[in-house]
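Below is one structure; the comments refer to it alone.
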Amino acid sequence: EAQVTQNPRYLITVTGKKLTVTCSQNMNHEYMSWYRQDPGLGLRQIYYSMNVEVTDKGDVPEGYKVSRKEKRNFPLILESPSPNQTSLYFCASSLKAATGELFFGEGSRLTVL
Amino acid sequence: GENVEQHPSTLSVQEGDSAVIKCTYSDSASNYFPWYKQELGKRPQLIIDIRSNVGEKKDQRIAVTLNKTAKHFSLHITETQPEDSAVYFCAASTGYALNFGKGTSLLVTP
């Protein structure tokens with residue numbers, strides 16, 4: 001089944017404790033992206049990747065890191081999480097660039113205390 | 001970066017009526033304009049999209065129009081049904097980043 005898989009789905013952590021949210025897609029998509037969703041603010045792009053080893057900042061990259069060492073994986077790293085990073089995070093992928101259907105993962109709800 | 005404005009933020013219609021959601025964008029290089037529907041507790045899913053070389057596109061009860069000169073595009077839902085109740089997001093892309101509007105919460109009452 002074609003899908004985008006994120007883990008963990010739910011996480012409660014404390015300020016400053018490094019964490020990684022994994023994202024994997026099995027559709028051989030070139031384009032991958034991370035979004036955060038907050039009430040009243042919609043979906044805001046954190047980072048995106050046009051292909052392996054190519055990543056770029058979105059609108060809200062502060063406090064996040066990403067890597068794209070393999071085509072299928074695009075982990076989101078929070079080196080030192082803070083409470084303002086409490087949010088619902090979505091990973092998404094598209095066949096090529098950001099001009100085709102974006103397939104979203106189920107979301108990861110992160111709470112930073 | 002691209003700025004996408006979406007209106008209204010909430011919309012309530014009676015079943016059978018039409019619903020219209022409007023978006024504007026700032027970057028004239030944007031060439032792809034999708035609409036996503038997000039039901040409560042679910043992930044966003046594409047419902048329709050339009051490219052800059054097309055002025056209108058229709059798929060059953062939903063249609064999207066694009067005015068490149070004015071930099072705005074709209075979603076039209078006709079004969080609304082309760083299952084159309086959801087949050088709808090417009091978006092604009094230059095091919096690199098895909099930027100979303102803040103969403104419209106549509107409620108269709110029987």
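General observations
- In loop segments of segment A:27-96 as defined by DSSP, the trypsin sites (Lys or Arg not before Pro) with at most 10 further C-beta atoms inside 10 Å of their C-beta are A:Lys69.
- Buried accessible surface for the A/B pair, both sides summed and rounded to the nearest 100, is 1700 Å² with a 1.4 Å probe.
- Among beta bridges that DSSP assigns inside chain B, antiparallel share in %, nearest 5: 90 percent
- Violating pairs (Cα-Cα greater than 24 angstrom) within the set A:Lys57/B:Lys22; A:Lys65/B:Lys22; A:Lys69/B:Lys37; B:Lys37/B:Lys102; A:Lys71/B:Lys57: A:Lys57/B:Lys22; A:Lys65/B:Lys22; A:Lys69/B:Lys37; A:Lys71/B:Lys57
- Rounded to the nearest 20 debye, the dipole magnitude of chain B is 280 debye, with +1 charges on Lys and Arg beta carbons, -1 on Asp and Glu beta carbons, and the Cα centre as origin.
- Judged by the ratio a/c of the largest to the smallest principal axis of the C-alpha gyration tensor, segment A:34-100 counts as oblate, that ratio being 1.5 or greater while a/b is no larger than b/c.
- The aspartates and glutamates whose alpha-carbon is closer than 12 Å to the alpha-carbon of A:Lys17, local same-chain residues fewer than 8 away aside, are A:Glu79.
- Chain A, Cα convex hull volume normalised per residue, Å³: 92 Å³
- The mean count of C-beta atoms from other chains within 10 Å of the C-beta of residues in B:40-46, rounded to a whole number, is 5.
- For segment B:28-110, convex hull of alpha carbons as volume per residue, Å³: 98 Å³
- Percent of beta bridges antiparallel (DSSP, the protein assembly as shown, rounded to nearest 5): 90 percent
- Listed residue (A:Leu78, A:Pro8, A:Tyr35) projecting farthest to the positive dipole end of the protein assembly as shown, Cβ model: A:Leu78
The values are calculated or read from the model by the stated rules, or taken from the named source; none is laboratory data. Everything numeric here is computed off the predicted structure, so don't read it as measured data. As a convention, Cβ positions derive from the backbone with ideal geometry for all residues, glycine included, and neighbour counts pool all protein chains shown. Surface areas here come from the heavy atoms of the whole protein model, side chains and all, with no ligands, DNA or RNA. Shrake-Rupley method; radii C 1.70, N 1.55, O 1.52, S 1.80 Å.
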